[in-house]
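Undergrad: Supplied in structure tokens, the structure appears directly below.
The values are calculated or read from the model by the stated rules, or taken from the named source; none is laboratory data. Everything numeric here is computed off the predicted structure, so don't read it as measured data. Every residue, glycine as well, gets a Cβ built from its backbone with ideal geometry; the counts of neighbours run over all protein chains shown.
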Amino acid sequence: MATIKAGNIEWIDAAKGACILMVVLHHSIVTSYHIPLSDHLFGIDFAGVRLYELISKNLAPLRMPLFFMLSGFLVQRSVNSADWRLTVQNRVVNLIYLFLLWGAIQWITVSIIHKVMTGDWAEGGKFNAIYADDILEYVQLTIIGSTSLWYLYALPIYFIICKLLSPRPWTAIAILLLVHFLSRRYITVWPTTGIFANAVYYAVGCFFGMRLFDLLSKFDKRTALLLALSIASVLAFGLLGVWGGAATSFLFIVLSIIFFAWIQKKFELRSLRWIGRNTLQIYVIHRIVLEIPSVVLASSLVTDEFFLNPTVVTLWCTLYPALATATVVMVCLTIWRATNRGMGRFLYQAPELRMLAPASKLAQ
């Protein structure tokens, strides 16, 4: 089996960093950014708005599929060779623990933010547990993974499926690819469709990521052939009038891997790689932080008629999502550094379950 040299794997951290930045950017756009645009500036045609919507919508085939494929690659040894007892703590129990813990923290915190800053509780959302009206609705939405933390909900499920099917990787890919197409066709409720659709990318990372990443990280004739086949697949789906979401995602993934592997050879990308090594804390915290500008900043600017000023409108439309993303990431990492000590470590790592395996033997 082909292997990736240690010096050539740093681009993976950079790619993960880019993925979490795209996630935060997307959430900043669909929350606070659109409040004044939808309510008071309908039909606005700023270049900045078009650019951000291009990133948010048209790069959707890359954002989570690449994230899941990288996640699958990073656990490929646990899936393919490690004993269940040595992997269940980190790959299943820890993720379920974090999903449940931060789901509760998000719901309670967001409810308090709305109550303190607006005098009312958050309006109930039938698709996101973070806006649940009561504990019963929260539990129901959490059980089905209808939450901002659906990435953490999906990971242990994907891991178990791939480990069970690890002796037959092509069978796993075929089944999950079928699930992908069926979910895209028949499931329209967010984030359920994403939970079903992204499993195939995780599986590709688990079973073939080593060979695929090694091939793409050194651009040669074989890489060019794979890229040409990916482009041809997307064009073929388009000509046939068939929705080619998976083909488009794989094309975007191929292009992004080639790009990150290349740019990492040219530049250090230390900040982006550091962000990529700390995606978990950004992912679980950022949605809470983004609620503050959603509840206070955007609404206050509208109420105080700041958006009657063309300068304010221009600055908001061109700068806000990028500035919000950078600020939120820095705030998340600051919160993590302040809390990741003493008992606060349990916010980011489940207590060891020694009945499963000695701590020294748990998979890292």
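Undergrad: Of the residues in region 134-155, how many are surrounded by 19 or more Cβ atoms within 10 Å (Cβ to Cβ), of a type outside the set (S, T, N, Q) and either at pLDDT 95 or above or assigned to a helix (DSSP H, G or I) (or both)? Talk me through it step by step, then tell me what you get.
TA: Taking region 134-155 first, the residues surrounded by 19 or more Cβ atoms within 10 Å (Cβ to Cβ) are 138, 141-142, 145-155.
After this cut, where a residue has to be of a type outside the set (S, T, N, Q) as well, the list is 138, 141, 145, 149-155.
Add one more test, that the residue is either at pLDDT 95 or above or assigned to a helix (DSSP H, G or I) (or both), and what stays is 138, 141, 149-155.
So the count comes out to 9.
Undergrad: Mind checking which residues of region 240-258 are assigned to a helix (DSSP H, G or I) and in contact with a Phe, Trp or Tyr (Cβ under 9 Å, 6 or more places away or on another chain)? Show your work before the answer.
TA: So in region 240-258, the residues assigned to a helix (DSSP H, G or I) come out as 245-258.
Across region 240-258, the qualifying residues are 245, 246, 247, 248, 249, 250, 253, 257, 258.
Undergrad: Here is a follow-up. Restricting the search to region 274-321, which residues are modelled with pLDDT under 80, surrounded by fewer than 19 Cβ atoms within 10 Å (Cβ to Cβ) and among the polar types (S, T, N, Q)?
TA: Of everything in region 274-321, those that are modelled with pLDDT under 80, surrounded by fewer than 19 Cβ atoms within 10 Å (Cβ to Cβ) and among the polar types (S, T, N, Q) turn out to be 299, 300, 303, 309, 311, 314.
Undergrad: Right, here's the next one. Only residues in region 270-285 that are under 22 Å from residue 107 (Cβ atoms) and in contact (Cβ under 8 Å) with a residue 12 or more places away in the chain count as the first member; pair them with residues that are crowded, with 19+ Cβ neighbours inside 10 Å and basic (Lys, Arg), Cβ under 7 angstrom, at least 6 apart or cross-chain, and list the lot.
TA: Close Cβ pairs (under 7 Å, with a partner that is crowded, with 19+ Cβ neighbours inside 10 Å and basic (Lys, Arg)) amount to 279/16.
Undergrad: Among the residues of region 323-340, what is the count of those that are surrounded by fewer than 21 Cβ atoms within 10 Å (Cβ to Cβ), among the small types (Gly, Ala, Ser) and farther than 15 Å from residue 17 by Cα? Break it down stepwise before answering.
TA: Of the residues in region 323-340, the ones surrounded by fewer than 21 Cβ atoms within 10 Å (Cβ to Cβ) are 323, 326-327, 330-331, 333-340.
Now restrict to residues that are among the small types (Gly, Ala, Ser): 326, 338.
From what's left, farther than 15 Å from residue 17 by Cα: 338.
Going through region 323-340 one residue at a time, the tally reaches 1.
Results for (1) modelled with pLDDT under 80; (2) within 21 Å of residue 172 (Cα to Cα); (3) touching a Ser or Thr at 6+ places or on another chain (Cβ under 6 Å); (4) not acidic (Asp, Glu), shown as yes or no for each residue.
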| position | (1), (2), (3), (4) |
| --- | --- |
| 1 | yes, yes, no, yes |
| 11 | no, no, no, yes |
| 17 | no, no, no, yes |
| 27 | no, no, no, yes |
| 36 | yes, no, no, yes |
| 58 | yes, no, no, yes |
| 64 | no, yes, no, yes |
| 67 | no, yes, no, yes |
| 80 | no, yes, yes, yes |
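Undergrad: Could you list, in sequence order, the residues of region 156-175 that are touching a helix residue (DSSP H, G or I) at 6+ places or on another chain (Cβ under 9 Å) and not in a helix (DSSP H, G or I)? Steps first, please.
TA: The initial filter retains those residues of region 156-175 that are touching a helix residue (DSSP H, G or I) at 6+ places or on another chain (Cβ under 9 Å), namely 156-166, 169-170, 172-173, 175.
Selection gives 165, 166.
Undergrad: Please state which one of 357, 324, 338 is modelled with pLDDT of 85 or more and either part of a loop (DSSP other than H, G, I, E, B) or in contact with a Pro (Cβ under 8 Å, 6 or more places away or on another chain) (or both).
TA: Every option except 324 fails the conditions.
Undergrad: Please determine, by comparing only the residues of region 94-112 that are over 19 Å from residue 336 (Cβ atoms) and buried (at least 17 other Cβ atoms within 10 Å of the Cβ), which one is farthest from the chain's Cα centre (by Cα).
TA: The extreme case among them is 111.
Undergrad: Determine if region 192-200 includes at least one residue that is over 17 Å from the mean Cα position of the chain (by Cα) and either surrounded by fewer than 21 Cβ atoms within 10 Å (Cβ to Cβ) or without any contact (Cβ under 8 Å) to a residue 12 or more places away in the chain (or both).
TA: no
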